[in-house]
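One structure is given here, and the rest of the page talks about it.
The values are calculated or read from the model by the stated rules, or taken from the named source; none is laboratory data. The structure displayed is predicted, hence computed values, not measured ones. Note that each Cβ is placed from the backbone with ideal geometry, even for glycine, and that neighbours are counted across all protein chains shown.
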Ligand code: DUC
Ligand code: ZN
Ligand code: ZN
Ligand code: ZN
């Protein structure tokens with residue numbers, strides 16, 4: 001049984017409001033949020049005076065123990081989650097990969113991997129091919145397994161990549177199920193061509209990674225996915241927006257009224273590509289992820305888009321490989337396993353980068369690190385809020401303390417950290433996961449098997465009224481075509 005806890009005197013921050021109040025927790029649930037709550041002696045009291053009490057972070061984009069590029073991501077559902085909790089993230093949504101093309105088998109495999117979980121988690125699912133079995137399994141995933149989002153890879157030619165025909169089929173299916181379509185937006189054929197060019201030029205090092213897949217390939221795929229989603233009239237979620245090119249497509253689509261969501265990741269907000277030119281291979285290779293970390297300037301633009309609301313929430317794409325794994329690509333950048341860390345660092349880095357600099361408020365911080373994710377994936381207000389009845393996933397941040405990041409002291413299993421040496425203001429001193437204090441005084445208290453699967457129901461607000469848009473689309477067609485559509489539909 002989880003203890004009774006009273007968090008006293010902190011500033012309770014939600015996305016919609018903040019106030020000085022106490023928070024009382026029992027059995028993993030928030031029982032009361034109000035000033036001056038009195039409790040009996042058996043209640044653990046935490047003094048949060050002068051500190052921020054906020055919903056735990058939700059990372060919408062992780063890859064724990066993913067089989068990828070001939071190896072497996074080194075953080076599993078226990079180590080990755082332990083790292084997350086030490087950095088104030090109390091839930092993540094991981095991407096299930098199909099097994100031998102089967103979504104059901106993929107779901108079973110990931111459910112087994114996740115049995116050792118120490119915090120709550122949900123699943124998206126990747127769609128890597130198209131046939132009747134996949135379409136039927138999508139129904140089962142949505143109706144019986146709690147999955148309401150499907151990701152399509154427009155890159156990774158020869159493995160995950162799908163073509164426009166499949167993208168259209170997939171988008172239509174998503175729409176019929178009330179599930180959100182997500183895209184990894186890079187032009188995979190363009191990337192293959194870019195890689196050939198590098199090899200011809202004899203550029204085999206990590207810098208070849210950035211040079212072979214420039215922002216314009218991300219912009220092209222983002223634009224294509226947005227237009228195909230408009231054609232099907234279904235909402236679209238663009239994962240890891242890394243460039244101004246992609247950002248501008250999203251901004252334009254949103255301006256025209258299209259329901260497009262854009263997710264930058266911490267590496268794209270904080271880092272720039274110069275590290276890929278480091279003469280030491282491992283130092284450079286640890287920054288290899290896709291889409292690549294861009295030139296300085298893209299980071300600032302992404303920050304601005306986040307503060308102005310063009311982009312809505314921050315993920316990480318946490319997908320860690322150690323130095324030995326990164327060394328698989330020592331003679332050929334195409335073989336460097338793609339991925340960077342971030343699940344542990346996201347909350348601290350975003351606070352320091354965005355709130356400390358005055359780009360956003362504390363309430364905005366809660367929105368982009370937690371609430372928006374819960375709303376988009378339809379688990380709000382169980383998650384993403386400090387409200388009576390919500391799960392007690394809570395962090396306490398001391399704005400006057402500071403953090404420092406290095407591989408030696410982090411909790412991830414990987415032996416490097418792309419944020420090595422970074423310091424900043426704001427320190428997450430306490431993390432509470434469904435009513436259990438799991439991070440306090442710099443100490444983790446986690447147990448495998450305590451995390452729960454959070455099913456995500458379809459039909460979020462993103463779909464409400466979207467068929468009215470259908471009529472707008474139909475009415476823009478010529479009258480005879482409209483009559484034909486009506487005949488076919490009736
Ligand atoms: N990009 C990465 O860097 N890693 C995992 C998958 C992806 O698309
Ligand atoms: Zn207020
Ligand atoms: Zn991706
Ligand atoms: Zn990813």
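Each residue in the stretch 337-369 was checked for being free of Cβ contacts under 8 Å to residues at least 12 places away in the same chain and away from ligand 2 (no atom under 16 Å from the Cβ), and 2 of them qualify.
Exactly one residue out of 98, 35, 3 is surrounded by fewer than 24 Cβ atoms within 10 Å (Cβ to Cβ) and within 16 Å of ligand 4 (Cβ to nearest atom), and it is 98.
Can you find a residue in the stretch 165-184 that is assigned to a loop (DSSP other than H, G, I, E, B), more than 16 Å from ligand 2 (Cβ to nearest atom), at pLDDT 95 or above and farther than 20 Å from residue 260 by Cβ? No, every residue in the stretch 165-184 fails to be assigned to a loop (DSSP other than H, G, I, E, B), more than 16 Å from ligand 2 (Cβ to nearest atom), at pLDDT 95 or above and farther than 20 Å from residue 260 by Cβ. Considering 49, 11, the condition of being in a loop (DSSP other than H, G, I, E, B) and at pLDDT 95 or above is satisfied by 49 alone.
Of all the listed residues (208, 194, 219, 190), the sole one being touching a helix residue (DSSP H, G or I) at 6+ places or on another chain (Cβ under 6 Å) and under 29 Å from residue 422 (Cα atoms) is 208. Return the residue satisfying two criteria in turn: it lies in the stretch 307-328 and is surrounded by fewer than 24 Cβ atoms within 10 Å (Cβ to Cβ) and in contact (Cβ under 8 Å) with a residue 12 or more places away in the chain, and of such residues it is farthest from ligand 1 (Cβ to nearest atom). The residue in question is 307.
For the stretch 47-62, name all the residues that are crowded, with 22+ Cβ neighbours inside 10 Å and either over 18 Å from the mean Cα position of the chain (by Cα) or within 16 Å of ligand 3 (Cβ to nearest atom) (or both). Result: 48, 51, 52, 53, 54, 59, 60, 61, 62.
Search the stretch 14-46 for residues being assigned to a loop (DSSP other than H, G, I, E, B) and under 23 Å from residue 373 (Cα atoms), and hand back the single one that is farthest from ligand 3 (Cβ to nearest atom). In this case the residue turns out to be 17. Restricting 243, 267, 212 to those that are in contact with a strand residue (DSSP E or B) (Cβ under 6 Å, 6 or more places away or on another chain), more than 30 Å from residue 177 (Cβ to Cβ) and buried (at least 17 other Cβ atoms within 10 Å of the Cβ) reduces the list to 267.
Residues that are over 19 Å from the mean Cα position of the chain (by Cα), farther than 18 Å from residue 258 by Cβ and not in a helix (DSSP H, G or I) are absent from the stretch 225-246 altogether.
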